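Quick notes on the structure that follows.
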Amino acid sequence: MEIGDREQIALSTMKGKIMTFGLKAIRVGMAAALSGTLVLSGALAAQADDQAPATETVSVAMVLSGFDSVVAEANGYQIVTDSDGQQRSVAVSPEAIRFEKSLAMSRTTWVEGPCGNSWINAVSRGNSKFISTGFVVPRPVIAKNWTVQVWGWSGMPSYWWGGASGSSWSSSWSFSMSGDGFANVLPGSNVVMNNGTVCASGSPGENFHS
């Protein structure tokens, strides 16, 4: 089975019972992102295709927040508990084992730990605001729940991203509004990797800068 097929299977099975905190984190984060207090005002022009200037980027390590057993099983992995009570994901299918071997040979040395890093860059050009964000994790992402929240204005604008991606992902968002503010990756934003590992953003943030 190809990795793309496994990703589709994993996405279709994520409604199943989750044994760990991972999916709860996704639900909590998505609920916050979609709540009425985070809805974009009509004056905002969200354009994810616009590119933000890449200066003064803030990067923070992502942290392990649990495992999604449904995603793991759909992709040929099994979540096991060691004698010390620690959980880990183990490749059990021939396809998953082959993938792990290929990943070990190609893994970059600057992605440290099981969850990598997330980052944000917030730029102000007069009334034009540009935000770029992303992450680098050790393996393909089956699903992400990613929200950037802007603080400092009464409308509290935000933007949400979902769906699958590769191990490295970035996107941007722009809108028009006067004044200063602060932007961060909302706590609870996370990704589910193909072996069921759930990684939460360290919530990097910064003041808008020129």
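Can you tell me the length gained on complete extension of the stretch residue 170 to residue 102, counting 0.36 nm per residue apart and subtracting the Cα distance?
Gain on extension, residue 170 to residue 102, equals 22.1 nm.
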Rounded to one decimal in nm, the spacing of the 7 Å Cα→Cβ label points at residue 82 and residue 128 is 5.1 nm
One finds, for residue 64 and residue 180 with R0 = 41 angstrom and r their Cβ-Cβ distance, a FRET efficiency to the nearest 0.05 of 0.75
Most packed first (mean Cβ within 10 Å per residue), the peptides 85-93, 69-77, 133-141 order as 69-77, 133-141, 85-93
The correct pair for the range 58-100, radius of gyration to one decimal and Dmax as a whole number, both in Å and from Cα atoms, is 12.7, 39
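Just so you know, all these numbers are worked out from the coordinates, no wet-lab data involved. None of these values were measured; they are calculated from a predicted model. FYI the Cβ positions are ideal-geometry reconstructions off the backbone, even for glycines, and counts take in every protein chain you see.
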